[in-house]
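Reading through the structure tokens given below for one structure.
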Amino acid sequence: MRGESVGAVNTEFECTKDGQTGGCELIIGGGISVPSVDMADPDLPVIWS
């Protein structure tokens with residue numbers, strides 16, 4: 001069984017460069033990974049790929 005991709009991750013933090021401090025934002029991807037489950041495995045592990 002396969003799911004849909006997880007959305008982007010946005011992280012806001014305070015940063016300093018050249019003596020100036022301000023708010024920064026880091027945006028990672030439009031989809032981090034896709035979960036899948038091997039239904040034949042009795043432990044039903046979730047695998048992210």
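The values are calculated or read from the model by the stated rules, or taken from the named source; none is laboratory data. As the structure is a prediction and not an experimental result, all values here were calculated from the model. Neighbour counts are summed over all protein chains in view; Cβ atoms, including those assigned to glycine, are modelled from backbone coordinates with ideal geometry.
Some notes on this structure:
- Tabulated pairs, region 34-49, first assigned to a loop (DSSP other than H, G, I, E, B), second of a type in the set (Gly, Ala, Ser) and exposed (fewer than 12 other Cβ atoms within 10 Å of the Cβ), C-beta under 9 angstrom, 6+ apart or interchain: VAL34/SER49
- Among the residues of region 1-12, the one identified as modelled with pLDDT of 80 or more and in contact with a Gly (Cβ under 8 Å, 6 or more places away or on another chain) is GLU12.
- The residue that is farthest from SER49 (Cα to Cα), among those in region 13-35 that are surrounded by 10 or more Cβ atoms within 10 Å (Cβ to Cβ) and at pLDDT 85 or above, is CYS15.
- Pairs meeting the criteria (first residue in region 14-32 and assigned to a strand (DSSP E or B), second residue at pLDDT below 80 and surrounded by 10 or more Cβ atoms within 10 Å (Cβ to Cβ), beta carbons under 7 Å, at least 6 apart or on different chains) are ILE27/ALA8; ILE28/ALA8; ILE28/VAL9.
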